[in-house]
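The values are calculated or read from the model by the stated rules, or taken from the named source; none is laboratory data. Predicted model only: the values in this text are computed from it and were never measured. Cβ coordinates were reconstructed from backbone atoms using ideal geometry, including for glycine residues, and neighbour counts include every protein chain displayed.
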Amino acid sequence: MGSGSESVTEGHRSRALVTGGAGFIGSHLCERLLDDGWIVTAIDNLSTGRGRNIAALAENERFTFHQADINRDPLPAERVDAIFHLACPASPIAYSRLPIETLEVSSVGTRRCLDLALGEEALFLLASTSEVYGNPEVHPQAETYPGNVDPVGPRSMYDEGKRFAEALATWFGRVHDLDVRIVRIFNTYGPRLSLQDGRAVPSFIRQALLGEPVTVHGDGVQSRSFCYISDLVEGLVRMSVVERGRINDLPVNLGNPVERSVLEIARTIVSLTDSASTIRHVERPRGDPDRRRPDITRARELLGWEPTVDLEQGLRMTIEWARSTIHDEPRQAPVERPSRSSRGDYGRGRSG
Ligand code: NAD
C-alpha cells in the first residue's frame with residue numbers, strides 16, 4: 001500500500017529526469033528512485049530548492065545534478081525514459097514573489113520538457129496540484145470536478161499555470177501519442193519543507209519550536225488534508241509504473257483524505273512540540289480556500305494506493321527533523337528574488 005511496502009518499481013528500473021529535483025518533493029523522489037535502482041538526473045535552478053536537500057545523494061554514482069533553469073537553459077543531454085516534471089514554486093510566498101517565473105515554468109518550462117519527452121519517447125509525469133480546483137464548490141474534490149478558479153485572482157500565477165500545464169500535457173499526449181500522466185497533489189508535508197515559506201505545517205512547527213505565537217489565518221475553521229511525504233512519493237512512483245492504458249487520459253488525485261481544521265492542526269503541533277506558544281488569529285488572505293479534501297477513489301482503484309502515515313505520526317517525524325535543522329535555516333524565505341519588474345506581493349497565504 002503506502003510507504004514501507006516492497007518497491008513497486010522493481011522491473012521498471014530505468015533513467016529518470018526529475019525537474020525541481022532539489023525541492024522538497026523532488027529530493028525525496030530522487031532518493032526513492034535511486035533506492036529502487038533508477039539512474040537519476042535532477043535539474044533545478046535553486047530558486048526555491050536547496051543544494052542541501054540533495055547533498056547526501058551526491059555520493060551516489062547513479063545520480064547527476066544540473067543547476068539550470070528549465071525555461072531557458074539547455075536541458076540535460078542524458079538519455080531518459082521518464083520525466084518527472086516537478087519544477088515550480090509551490091508555496092504562496094514563493095509564487096507571489098515569482099509570479100511571472102511561475103507562469104513561465106508551467107508553460108514554457110513544461111513545453112520544453114514535453115518536447116524532450118517526445119524526442120526521447122519518454123513517459124512524462126506532471127506534478128499538478130489540488131489548487132486547480134480553486135475554492136471548491138464541491139466536497140471532497142474528485143478529478144471530474146473542473147474547479148472554481150479566478151484567472152486574475154491572487155493565486156492565478158500558480159493555479160492557472162498548472163491548469164495550462166495540464167492542458168498542454170494532455171494535448172501532447174493526444175496529438176503525439178506521448179505517454180502523459182498527471183497527478184494532482186494535495187497538501188504534502190515532511191522533512192525538508194522550508195520552515196520559512198509560509199506553508200501551514202512548517203510555519204506552525206517553526207513558531208512552536210521558537211516559542212513564538214502560532215499564527216492561524218482567520219478563525220482557523222478552514223480545513224486541510226495533509227499527506228506525509230513518503231506516502232506521496234509512493235503514489236508518484238506507482239503512477240509512473242501503472243500500465244498506460246489504465247490511466248485513460250485522466251488526472252489522478254494524490255493526497256490524504258483525512259480532513260482537519262487548521263486550528264486543530266495548530267493545536268496538535270503546539271502539543272506535540274511541548275511548546276508554550278499561544279495561538280494568534282491573524283487576517284485570512286484573499287483566495288485562501290475554505291475546504292480541501294481529495295477524493296482518492298481513482299488512486300485506490302488504479303494504483304492500489306492510499307496514505308498509511310497518520311497526521312500525528314507524520315508530524316512527530318517532521319518535528320524531529322525541524323528540531324535538528326531550525327537553527328541552520330536562513331532568516332529569509334529561501335526564494336531567489338527576481339530583479340525585474342515581475343516582482344509582486346499578491347495573494348500571500350497558505351496552501352499547505
Ligand atoms: P519546492 O519549491 O520545494 O520545489 C520546486 C523546485 O522547483 C524547487 O527546487 C525550485 O528551485 C525548482 N524550480 C522552480 N522553477 C524552476 C525552473 N524554472 N527551472 C528549474 N527548477 C525550477 O516545492 P515542492 O513542494 O517540492 O513542490 C514540487 C511540485 O509539486 C511543484 O510542481 C508543486 O506545484 C507540486 N505540488 C506540491 C504540493 C505540496 O504540498 N508540497 C502540493 C501540490 C503540488
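Worth a mention:
- Search result, residues across the range 260-302 that are outside any helix (DSSP H, G or I) and small (Gly, Ala, Ser): Ser261, Ser275, Ala276, Ser277, Gly287
- Residue satisfying all of: in the range 254-301; of a type in the set (Gly, Ala, Ser) and without any contact (Cβ under 8 Å) to a residue 60 or more places away in the chain; nearest to Gln141 (Cα to Cα) among these: Ser261
- Any hit, the range 320-331, residues being surrounded by 20 or more Cβ atoms within 10 Å (Cβ to Cβ), within 16 Å of Gln207 (Cβ to Cβ) and either hydroxyl-bearing (Ser, Thr, Tyr) or modelled with pLDDT of 95 or more (or both): yes
- Test result for Asp328, in contact (Cβ under 8 Å) with a residue 60 or more places away in the chain and among the acidic types (Asp, Glu): no
- Filter pass, Thr278 being more than 23 Å from the chain's Cα centre (by Cα), β-branched (Val, Ile, Thr) and over 23 Å from Pro191 (Cβ atoms): yes
- Options Glu31, Glu61; residue that is of a type in the set (Asp, Glu) and either in a loop (DSSP other than H, G, I, E, B) or at pLDDT below 95 (or both): Glu61
- The set of residues in the range 34-58 being under 17 Å from Leu236 (Cα atoms) and assigned to a strand (DSSP E or B) consists of Ile39, Val40, Thr41, Ala42.
Yes/no per residue for (1) at pLDDT 95 or above; (2) surrounded by 17 or more Cβ atoms within 10 Å (Cβ to Cβ); (3) within 20 Å of Lys162 (Cβ to Cβ):
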residue: Glu6; (1), (2), (3): no, no, no
residue: Thr41; (1), (2), (3): yes, yes, no
residue: His66; (1), (2), (3): yes, yes, no
residue: Ile70; (1), (2), (3): yes, yes, yes
residue: Leu75; (1), (2), (3): yes, yes, no
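- Enumeration of residues in the range 145-171 that are crowded, with 22+ Cβ neighbours inside 10 Å and over 21 Å from Asn135 (Cβ atoms): Ala169
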